[in-house]
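To start, the structure under review is shown below, and the notes come after it.
Every read-out reported here was derived from the displayed coordinates using simple, explicitly stated rules and does not represent laboratory data. Remember, it's a predicted structure, so these values are computed and weren't measured experimentally. Methodologically, a virtual Cβ is constructed for each residue, glycine included, from the backbone with ideal geometry; neighbour enumeration extends over all protein chains shown.
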Amino acid sequence: MKKGFFVTATGTGVGKTVFTAGLLAALLEKGVDAAPLKAVQTGMSGSKISPDLKKIFRASGFNPGKSELRLMQPFTYEHACSPHLAAELSGKKYATAAGVKNAEEKLLKKYEAIVVEGAGGVLVPVDRGEKTLMADIIKATELPVILVSQPGLGAVNHACLSFEALRQRKIKIAGFVFNYAYAGGKSGLIEKDNAKVVEQFSGIKYLGSLPFLKVVNRKTLLDAFDSMAGVKALIDGV
């Protein structure tokens, strides 16, 4: 059985990358030899290294080997837009589920576990012709999903719709987390109730909340993850 998780979200800009960095840092701190994989990266802006991977490396303390970096970013595109359009605008081939799966399997020959970060949400289009979605890439990795959501208004609808799409494809869901960076640290009645309602109506486990962090680094992330009981339980099981 493959070890690791696929981190997706209810949409773009919800905080997948920060959560992925924290999850990787927590696994490494636990003594698990884990590595990151950015399934599809858009918005490269001339960089040779995925901007999201840069953040993950810096915040988690992970240092990749040069030969492994290519596997950790199998599909990269210059333009900051949906993967299918980014591929078309750059004149590159579309990302494929098989390509991501191949990178994952090669990394798992070297590492004990893997944390894969998607692009955007569950139903983001990846290949216009084949009608491939991010969900197809998620399914191909055979990893349980952790869904990252903002905690405020709209969270219930966005999270539950994402779960329905994943369940339709028989994808295992490990749970969901709220990222309070996108609520300015606010944790009021609505936010607290949303966590209960999403869990109640979807039947998916609430793993905890990532608090608002003024500074994002390995220490602040490890401290934050230490307070997330559900995530800690998942890490203990790896």
Can you pull out the GluC sites (Glu not before Pro) in the range 50-135 that DSSP calls coil and that have at most 13 other Cβ atoms within 10 Å? Glu130
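For each of Arg167, Arg218, count neighbouring Cβ atoms within 10 Å of the residue's Cβ, then give the residues from fewest to most. List each step's numbers first, then the result.
Details: Arg167 14, Arg218 19.
Fewest-to-most ranking of Arg167, Arg218: Arg167, Arg218.
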Residue of Asn102, Asn63, Asn179 that the Gaussian network model of the chain assigns the largest fluctuation, springs spanning Cα pairs under 10 Å: Asn63
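Highest mean first, what order results for 158-164, 36-42 on Cβ atoms within 10 Å?
36-42, 158-164
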Per-residue HN-Hα couplings for the range 156-172, Karplus 6.51 cos²θ - 1.76 cosθ + 1.60 at θ = phi - 60°, whole Hz, x for Gly and Pro? 4, 4, 5, 5, 5, 5, 4, 5, 4, 5, 5, 5, 4, 9, 6, 9, 5
Can you list the equivalent-ellipsoid semi-axes of the range 177-238, largest first and in whole Å, using the square root of 5 times each Cα gyration tensor eigenvalue? 20, 18, 7
In sequence order, calculated HN-Hα J values of the range 36-43 (Karplus, 6.51, -1.76, 1.60; Hz; x Gly/Pro): x, 9, 8, 4, 9, 10, 10, x
Pick from Pro64, Pro151, Pro83 the residue whose mean-square fluctuation is largest in a GNM of the chain, springs joining Cα atoms under 10 Å. Pro64
Sites Thr12 and Leu189, calculated FRET efficiency, Cβ-Cβ separation with R0 22 Å, nearest 0.05: 0.20
Over 22 Å between alpha carbons, listed pairs Lys93/Lys170; Lys48/Lys131; Lys172/Lys205; Lys101/Lys205: Lys93/Lys170; Lys48/Lys131; Lys101/Lys205
Could you check the simple spin-label distance between Ala229 and Lys54, using points 7 Å along Cα→Cβ, in nm with one decimal? 3.9 nm
Give the label of the value calculated from the structure for Rg and Dmax of the Cα atoms in Å, choosing from (i) 16.6, 48; (ii) 21.2, 70; (iii) 21.8, 74. (i)
As a test of the formula, what do you get for the chain when each DSSP H run with n ≥ 4 contributes -39,500 (n - 2.57) and the sum is divided by the residue count, at 222 nm and rounded to the nearest 500 deg cm²/dmol? -13000 deg cm²/dmol
With springs only between Cα atoms under 10 Å apart, run a GNM on the chain and tell me which of Ala98, Ala135, Ala113 wobbles the most. Ala98
Using per-residue counts of other Cβ atoms within 10 Å, averaged over each peptide, order 120-128, 137-145 from highest down. 137-145, 120-128
Less than 20 Å apart at the alpha-carbon level, and either on another chain or at least 8 residues along: which lysines does that give for Lys214? Lys16, Lys54, Lys55, Lys186
Once both label points are put 7 Å beyond Cα along the C-beta direction, the Lys196-Glu105 separation in nm becomes 4.7 nm
Per residue of the range 142-147, in order, report the coupling 6.51 cos²θ - 1.76 cosθ + 1.60 (Karplus, θ = phi - 60°) as ³J(HN,Hα) in whole Hz, putting x for Gly and Pro. 6, 9, x, 9, 10, 9
